[in-house]
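Visitor: Pasting a structure below so you can have a look.
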Amino acid sequence: MQKILVARPIFPDVIERLKQYFEVDWNNGDVLGNDELLARLADKDGALTAGEPIGAATFAAAPRLRVVANMAVGYNNFDMAAFNAAYVLGTNTPDVLNESTADFGWALMMATARRIAESEHWLRAGHWKKWNYDSFLGADVYGSTLGVIGMGRIGQALARRARGFDMRVIYHNRSRVAPQIEAELNAQYVSKEDLLKRADHVVLVLPYSAASHHTIGAAELALMKPTATLTNIARGGIVDDAALAVALRDGRIAAAGLDVYEGEPSVNPALLTVPNVVLTPHIASATETTRRAMANLAADNLIAGLGEGPRAGRPPNPVNPDVLGKARS
Ligand code: 8YV
């Protein structure tokens, strides 16, 4: 039997599925440090990860490793040049999380615009003594302009929600989406600068890469309307969190909603001191149904990638399909 490492706690029934095909080493505890991760991968043929850094050092320490299945749509934790050089297959879990993640992005944007978390904290702290005409005045969402940066599957799911709120949708993406999708979403392609100047609510849904590092920094925040909100459900590092904390403190923008952070699970301490930011712990895909679907899809990818099960050799979501069928080097 081939050997695999499941690097994180996941649903026990998914572990049982994997045990039908593999000898499973399951880390059902704290996140593994890099040395322990490498040690436990040393004799493994495959791994199921959720954000662990995987690259040349991993492959040097784990000469048998052929497939790494990430339980996430984003796979910026994979060094793809190293995967391709070693002929190791990487897989991800797209699509199954689109709607849950878009729901959450919408909720976070709404909570940010309407100051839900901030006012709740205030109420819990016992400050509510009387109704006041100007308590917690926020920004309208209905009828406003939504700016989506990253018009992939999740960005499109967000834009579809905007129709029910009678919003104008402007977007920026590496490339323009097909005209029929633009028409269906009633979305207008604009430059990043235009989007930042015009949007009332900016939502970030783009993948992280060296090119998207600090897509939003001090200069971009300075372009935004002082009444605008910024929501990041993409990846830490897409926003310069330190610059954002300054912009929030100085009222350069009205508010922000963040589900992802540079260096998470650490959060820039400056963000913890400003009231006009809603902070959630990377839970945009966290519904029971979606997380189960992601875990099962990661397992499907690992099983098929390692040549087992009904789809042997044809994993559903290869991110570097060119290495399929090639021997590990
Ligand atoms: C994951 C995510 O839960 O899919 C992604 O890219 O950000 C989340 O849905 C998280 O990355 C853990 O793997």
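Visitor: Please indicate, with yes or no, whether at least one residue in region 89-98 is more than 16 Å from the ligand (Cβ to nearest atom) and over 25 Å from MET71 (Cβ atoms).
Guide: Quick first cut of region 89-98, residues more than 16 Å from the ligand (Cβ to nearest atom) only: 89.
Cutting the leftovers down to over 25 Å from MET71 (Cβ atoms) gives us none.
Looking through region 89-98, none of the residues is more than 16 Å from the ligand (Cβ to nearest atom) and over 25 Å from MET71 (Cβ atoms).
Visitor: Here's something else I'd like to know. Can you tell me which residue within region 189-236, out of those that are free of Cβ contacts under 8 Å to residues at least 60 places away in the same chain and within 16 Å of the ligand (Cβ to nearest atom), is nearest to GLY263 (Cα to Cα)?
Guide: Per the stated criteria, the residue is GLY236.
Visitor: Mind listing whichever residues of region 162-172 are surrounded by fewer than 18 Cβ atoms within 10 Å (Cβ to Cβ) and on the phi < 0 side of the Ramachandran plot? Before you say what the answer is, go through the steps one by one.
Guide: Initially, region 162-172 is screened for residues surrounded by fewer than 18 Cβ atoms within 10 Å (Cβ to Cβ), giving 163-166, 168.
Scanning region 162-172 gives ARG163, GLY164, PHE165, ARG168.
Visitor: So is ARG124 surrounded by fewer than 20 Cβ atoms within 10 Å (Cβ to Cβ), in the same structural domain as LEU185 (by TED's automatic domain parsing) and within 30 Å of ALA72 (Cβ to Cβ) or not? If you could, list the steps in order and put the result at the bottom.
Guide: On the way: surrounded by fewer than 20 Cβ atoms within 10 Å (Cβ to Cβ): yes; in the same structural domain as LEU185 (by TED's automatic domain parsing): yes; within 30 Å of ALA72 (Cβ to Cβ): no.
So ARG124 fails the test.
Visitor: Hey, among ASP200, ASP240, ASP250, which residue is within 19 Å of HIS282 (Cβ to Cβ) and of a type in the set (Asp, Glu)? Break it down stepwise before answering.
Guide: Details: ASP200 fails: within 19 Å of HIS282 (Cβ to Cβ); ASP250 fails: within 19 Å of HIS282 (Cβ to Cβ).
Being within 19 Å of HIS282 (Cβ to Cβ) and of a type in the set (Asp, Glu) holds for just one of ASP200, ASP240, ASP250, which is ASP240.
A quick yes/no check of all residues on (1) at pLDDT 95 or above; (2) farther than 21 Å from LEU244 by Cα; (3) outside the structural domain of ASN70 (by TED's automatic domain parsing); (4) surrounded by 15 or more Cβ atoms within 10 Å (Cβ to Cβ):
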position: VAL260; (1), (2), (3), (4): yes, no, yes, yes
position: PRO265; (1), (2), (3), (4): yes, no, yes, no
position: MET294; (1), (2), (3), (4): yes, yes, no, yes
position: ALA298; (1), (2), (3), (4): yes, yes, no, yes
position: GLY305; (1), (2), (3), (4): yes, yes, no, yes
position: GLU308; (1), (2), (3), (4): yes, yes, no, yes
position: GLY313; (1), (2), (3), (4): yes, yes, no, no
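Visitor: Sort through ALA72, ALA82, ALA107, ALA111 and tell me the only one that's away from the ligand (no atom under 13 Å from the Cβ) and in contact (Cβ under 8 Å) with a residue 60 or more places away in the chain. Give the derivation first.
Guide: Numbers: ALA72 fails: away from the ligand (no atom under 13 Å from the Cβ); ALA82 fails: in contact (Cβ under 8 Å) with a residue 60 or more places away in the chain; ALA107 fails: in contact (Cβ under 8 Å) with a residue 60 or more places away in the chain.
Checking each option against the conditions leaves just ALA111.
The values are calculated or read from the model by the stated rules, or taken from the named source; none is laboratory data. Keep in mind that this is a model prediction, so the values were computed, not measured. With ideal geometry, Cβ positions are generated from the backbone for all residues, glycine too; neighbour counts draw on all protein chains shown.
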